[in-house]
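Since every read-out is calculated from the coordinates, none of them should be taken as a lab result. What you see is a predicted model, and the numbers here were worked out from it, not measured in a lab. Cβ placement follows ideal geometry from the backbone for every residue including glycine, while neighbour counts extend to all protein chains displayed.
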């Protein structure tokens, strides 16, 4: 996606220049399939980042083409990737470091503007101190992006909206709710269902999803409790809302170990729900999530492809919808200095 230079001389013989605008898409190695799909939606190809690992694990990119004066978008989702014949297993921290190094390379290669595209933003749950002597790691990650040379961030369904304020620059925060609810309209067996928040803190997301589906859709919430000093453990206590004899659709920003979503599904079944679906943007699916989902009362799990879904996690219950077009539209809007909020009718800011 490149506009050519245009030169011309006026009557006094001076040179006029219409600046070139060049767009380069670069991808890290955590989720290349999504990056390729984003590029396909923009009718262009990914630039070659030429990433290599040294024997001690250090990473070095060397871009195959010049990015001088270009709008550079560095795409990387912050998740682990499995070991392959070509590359050893990589952690969330490897994904972050690789993206920061690529941003630094683009900055030192004189890119005009650098945007970090983070379909899944790591450490987003560590956005405040809940106890003494804890870090605010979401802020630290943001600071590293700025230090590396990023001018802008693009992400979808951050765990907490306040993370937008951690970055010292523009942040385009998108939402996957329209994608998920579009799937629901096309595939739900009945129009009589309830959007359910798996905890009281996500009620606004359930309300937003209900508005997208239709005015007739009710909203409910599950009250949960986390045992003191316990990690990845949750107890569902009660349901606020009428779910008896109705299909329930749980919606959240992510499913990690699936403790919250499965506990919520069990109590909905106890309260008389006829069927329970789960929907989320980020399928983190850390162990023992897959086993929990297999053995739960949830009949379908709808997720997006912000993170790669390994073969061993591709169970029959899981359906994947793509965020590639959403990111492509946002990248196009940023490149052309348009509005990202208009893509979502302003709902990405709520």
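Relative to the current alpha-carbon distance between residue 225 and residue 125, full extension at 0.36 nm per residue lengthens the span by 34.3 nm. Roughly how tilted is helix 177-187, in degrees to the nearest 10 and between 0 and 90, from the longest Cα axis of the chain? On a 0 to 90 degree scale, this one is about 50. Considering just Cα atoms, how many Å³ per residue does the convex hull of region 177-321 enclose? Dividing the Cα hull volume of region 177-321 by its residue count gives 99 Å³.
P(r) tail for region 122-226, what percent of Cα pairs lie past 16 Å? Walk me through the numbers on the way to the answer.
Numbers: 3637 of 5460 pairs.
Distances greater than 16 Å cover 67 percent of the Cα pairs.
Would you mind pulling out the separation of the Cα centroids of region 17-81 and region 247-303, in Å? One Cα centre to the other: 34 Å. Ordered by the number of other Cβ atoms lying within 10 Å of each residue's own Cβ, fewest first, 216, 31, 173, 78 fall into the sequence 216, 173, 31, 78. The packing ranking of peptides 294-305, 129-140, highest mean first, is 294-305, 129-140, where packing means the average number of other beta carbon atoms within 10 angstrom of each residue.
Think of it as helices only: each DSSP H run of n ≥ 4 in the chain is worth -39500 (n - 2.57), and spread over all residues that comes to -8000 deg cm²/dmol at 222 nm. Taking region 42-83 and a reference point 7 angstrom along Cα→Cβ of residue 332, the backbone N atoms nearer than 17 Å belong to 42-46, 73.
Rg/Rh, computed from the Cα trace of the chain with Rh as the Kirkwood radius, has the value 1.02.
With contacts taken as Cα pairs under 8 Å and at least 6 residues apart, region 242-306 reaches a relative contact order of 40 percent. Relative to the longest principal axis of the Cα atoms of the chain, the long axis of helix 259-270 makes an angle of roughly 30 degrees. Fully extending the segment from residue 112 to residue 162, taken as 0.36 nm per residue of separation minus the present Cα-Cα distance, adds 15.2 nm.
If R0 is taken as 41 Å, the Cβ-Cβ distance between residue 240 and residue 144 corresponds to a FRET efficiency of 0.55. Can you give me the distance in nm between label points at residue 56 and residue 190, each placed 7 Å from the Cα along the Cα-to-Cβ direction? Spacing of the two 7 Å Cα→Cβ label points: 6.4 nm.
Take every Cα pair under 8 Å whose residues are at least 6 apart in sequence, average their separation, divide by the length of the chain, and the relative contact order is 12 percent.
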